[in-house]
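A short write-up of the structure that comes next.
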């Protein structure tokens with residue numbers, strides 16, 4: 001996902017229709033803007049602007065609106081949670097409970113977790129990559145983390161937010177559209193969009209008691225996607241299918257079906273170190289977990 005600086009850069013370039021004018025509006029050099037734009041496109045693995053004649057004229061491609069909308073939705077959810085918490089306390093204080101949010105968590109679960117965490121005090125929110133989230137807790141960089149994991153070591157304590165089943169995402173018109181559900185073996189001979197931050201392989205191994213992370217015969221394409229919007233665009237354009245959590249909002253033009261045989265769920269939880277002083281207050285939480293699938 002892009003960050004605030006990326007968002008402002010893309011928005012300004014789109015509004016100005018020129019890298020050079022965007023650089024002037026942001027008060028930075030034209031080469032600096034071009035370099036940053038190239039880094040963003042490399043990170044997302046997608047072209048964002050169509051280069052026009054001239055040294056710096058550009059026109060935004062449709063994917064730009066998708067990327068900006070994803071960031072705006074995520075930012076609005078977190079901002080509202082913090083505002084609601086401050087209003088409930090009747091005053092604003094410096095944020096003192098640091099909450100890290102995993103990069104593949106759906107907006108509904110973020111909102112629910114912020115309702116729980118917001119009861120503990122003022123919040124400071126940061127994004128966490130799935131593969132470094134637990135280390136961030138261990139190193140003291142965050143006090144709580146909203147994560148999706150199969151299980152946690154004994155020195156962590158988790159508080160369930162929801163049960164979230166995996167489903168198969170595919171483009172409109174795909175052969176899967178005529179099926180009411182999809183077995184894992186149905187993915188044989190399909191190109192698979194490897195969502196690099198997806199927890200599915202770990203869940204598959206744990207819940208089936210095996211080491212195989214995907215069915216024999218599934219063919220990896222060349223893509224390694226860490227951004228959910230980019231992954232879904234690739235699926236929509238017919239580059240493959242993917243197993244994604246049910247809680248994620250899917251783009252128009254994508255279809256989903258429940259994954260069965262096996263049916264795999266992930267557990268969305270607020271996680272703290274077992275010796276954290278926050279545990280006593282978290283244990284009194286009376287908000288029941290959402291169950292979208294079978295635990």
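The values are calculated or read from the model by the stated rules, or taken from the named source; none is laboratory data. This structure is a prediction, so every number in the text was calculated from the model and none was measured. Cβ atoms come from the backbone with ideal geometry, glycine included; neighbour counts cover every protein chain shown.
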Strands (runs of 3 or more DSSP E) (entirely within segment 144-195) containing at least 2 residues that are closer than 17 Å to residue 130 by Cα and assigned by TED's automatic domain parsing to the domain that holds residue 118: 144-149, 156-171
Among 98, 112, which is at pLDDT 80 or above, in a helix (DSSP H, G or I) and in contact with a strand residue (DSSP E or B) (Cβ under 6 Å, 6 or more places away or on another chain)? 112
Candidates 243, 230, filtered to the one that is modelled with pLDDT under 90 and surrounded by 15 or more Cβ atoms within 10 Å (Cβ to Cβ): 230
State whether one or more residues within segment 49-57 are modelled with pLDDT of 85 or more and outside the structural domain of residue 142 (by TED's automatic domain parsing). yes
Which of the residues that make up segment 277-295 are outside any helix (DSSP H, G or I), modelled with pLDDT of 85 or more and surrounded by fewer than 16 Cβ atoms within 10 Å (Cβ to Cβ)? 277
Of residues in segment 104-125 being free of Cβ contacts under 8 Å to residues at least 40 places away in the same chain and closer than 11 Å to residue 77 by Cα, the one surrounded by the fewest Cβ atoms within 10 Å (Cβ to Cβ): 111
Residue by residue through segment 149-173, note down the ones that are buried (at least 20 other Cβ atoms within 10 Å of the Cβ), closer than 18 Å to residue 243 by Cβ and at pLDDT 90 or above. 162, 164, 166, 167, 168, 169, 170
May I ask you to say which residue of 133, 113 is within 20 Å of residue 244 (Cα to Cα) and under 17 Å from the mean Cα position of the chain (by Cα)? 133
Please find, within segment 241-276, the residue that is farthest from residue 147 (Cα to Cα) out of those that are within 17 Å of the chain's Cα centre (by Cα) and not in a strand (DSSP E or B). 251
Among (1) surrounded by 15 or more Cβ atoms within 10 Å (Cβ to Cβ); (2) over 28 Å from residue 100 (Cβ atoms), the one test that residue 66 misses: (2)
Within segment 67-83, identify whether any single residue is over 26 Å from residue 229 (Cα atoms), at pLDDT below 85 and either over 25 Å from the mean Cα position of the chain (by Cα) or part of a helix (DSSP H, G or I) (or both), and answer yes or no. yes
